[in-house]
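One structure below.
The values are calculated or read from the model by the stated rules, or taken from the named source; none is laboratory data. Given the structure is predicted, the values throughout are model-derived calculations rather than measurements. Every residue, glycine among them, receives a Cβ derived from its backbone with ideal geometry; neighbour counts consider all protein chains shown.
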Amino acid sequence: MLNYILKNIISFAKEKKGIFLFFTIALIITSFFGLYVYAQFESSMVSVVDLSTLKDAAVYINIGEESADSDFDYDSFIKKLDENADKIGIDEYDFVYTLNAINGDFDEDEMDMLMKDESFCFMAYPDPNSEKDKIAIINTKIYDGEGLTEKEIENGENVCIFSGSKIVSDILIQGIKYRIKGEYDSSDNLSFGVIPFRSAVSNSLVPDKAAIMLSGLDQKNYLSLTSEAIKKLEKLFPEYSIESAAMEGSYSAMLTNEKTLTSDNILMIGMMLLVILTLCSIYSFVFNMREKKFAIFKICGAKNSDIAKICIYEMMILFTLCYLVSSVIFFSLNKTLFYKYQPAFALKVRMETYVICYFCLLIVMLMVFGFFSVIKGKTSPVKMIANSKRLE
């Protein structure tokens, strides 16, 4: 039967080139629309408004989890990042250290708040020029204290700038005492402190994580570029886990939203159904062209189900080939165009998206064309021959 079906398809393509071309293009367009609608459905929990807030988020290399009980090699780590900065698209990077103890004159509420706030951390900037510039800016925001001097930064002294502190107090970072030299203005709502990078190295502090800022990000390409950067960082640092800051907090909550079908999705589904019905009418014409052959089959003992199977299998083969073409087109556009208008596609469209969509569309095709084929297959041989003569 398979050989006959393949010969039928080849004969259809040769004898009715215009109809065959129109039929296959319509199948490709239907498959493409189906993929687009399903991709929108898959990514419906992620909105462009939400994504617009992610363009300044960092990629984190979680160092502390693997290096807590061993010395951290700053030189080797920094060398790897610097050598691959252009390849990965790194704009800058900082080291992050968490607070583990507070000494001095803190009131109970303030101490409780600081020790429980997981977002509170200390930053150290490895680039000397960037470090001086950033700390100089931070110094201007201090409302109490003198801030960090260039000499303290260059010498790597155990000093820090803190948010919401008492100037006469000190803190402990991994058991090392740091003297507080300034306090942020609370109106700036900054939730991190700053320590000289050289002090972190000389004290052998193990960073909790490295925060990588990527260049050229906007709300349209954030997910695609970040995803690529994470893959490259995972190859560069297989010993550490890599994650995006966007995967935390509100973003995680955003991903738990229910998938929804928008009015545009519903409209496109309606258009797809109309196209499928149009394909049925076209295929009806093709079927009528072959009714003389089918009549001979039935006279020779073929059952109604055999005729229906020929039509259904032929449609399955044509649809599968057209779906593969539409998948290649969709994949290419998703990499080159869609990320600008549908940035969530970069996150949600995976191989399983193509597979699931294929079977969903195939089921719809089988339901529609199966019903059509069964009805047509029940036509008597005499009527089939009469219909074929009218077309001759």
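Observations, loosely collected:
- Pairs linking a residue in the stretch 228-239 that is surrounded by 15 or more Cβ atoms within 10 Å (Cβ to Cβ) to a residue that is of a type in the set (D, E, K, R), with Cβ atoms under 8 Å and 6 or more positions apart or on different chains, are Ile230/Glu243; Lys232/Lys87; Leu236/Lys80; Phe237/Lys80.
- Residue in the stretch 56-64 that is surrounded by fewer than 20 Cβ atoms within 10 Å (Cβ to Cβ), at pLDDT 85 or above, within 26 Å of Ala124 (Cβ to Cβ) and not charged (D, E, K, R) present: yes
- Residue match in the stretch 301-322 (condition: in a helix (DSSP H, G or I), of a type in the set (A, V, I, L, M, F, W, C), more than 30 Å from Lys378 (Cα to Cα) and at pLDDT 80 or above): no
- Restricting the stretch 360-392 to residues that are at pLDDT 65 or above and of a type in the set (D, E, K, R), the residue that is farthest from the chain's Cα centre (by Cα): Lys383
- Selected residue (criterion: nearest to the chain's Cα centre (by Cα)) from residues of the stretch 1-32 that are surrounded by fewer than 18 Cβ atoms within 10 Å (Cβ to Cβ) and aromatic (Phe, Trp, Tyr): Phe22
- Odd one out for Glu108, checked against (1) at pLDDT below 85; (2) within 30 Å of Glu234 (Cβ to Cβ); (3) loosely packed, with under 11 Cβ neighbours inside 10 Å: (2)
- Tally of residues being over 19 Å from Ala136 (Cβ atoms), modelled with pLDDT under 75 and touching an Asp or Glu at 6+ places or on another chain (Cβ under 8 Å) across the stretch 149-200: 7
- Residue count for the stretch 9-27, restricted to those that are without any contact (Cβ under 8 Å) to a residue 40 or more places away in the chain and either outside any helix (DSSP H, G or I) or of a type in the set (Lys, Arg) (or both): 2.
- Test: Phe32 is modelled with pLDDT under 90 and either farther than 24 Å from Ile242 by Cβ or in a helix (DSSP H, G or I) (or both): no
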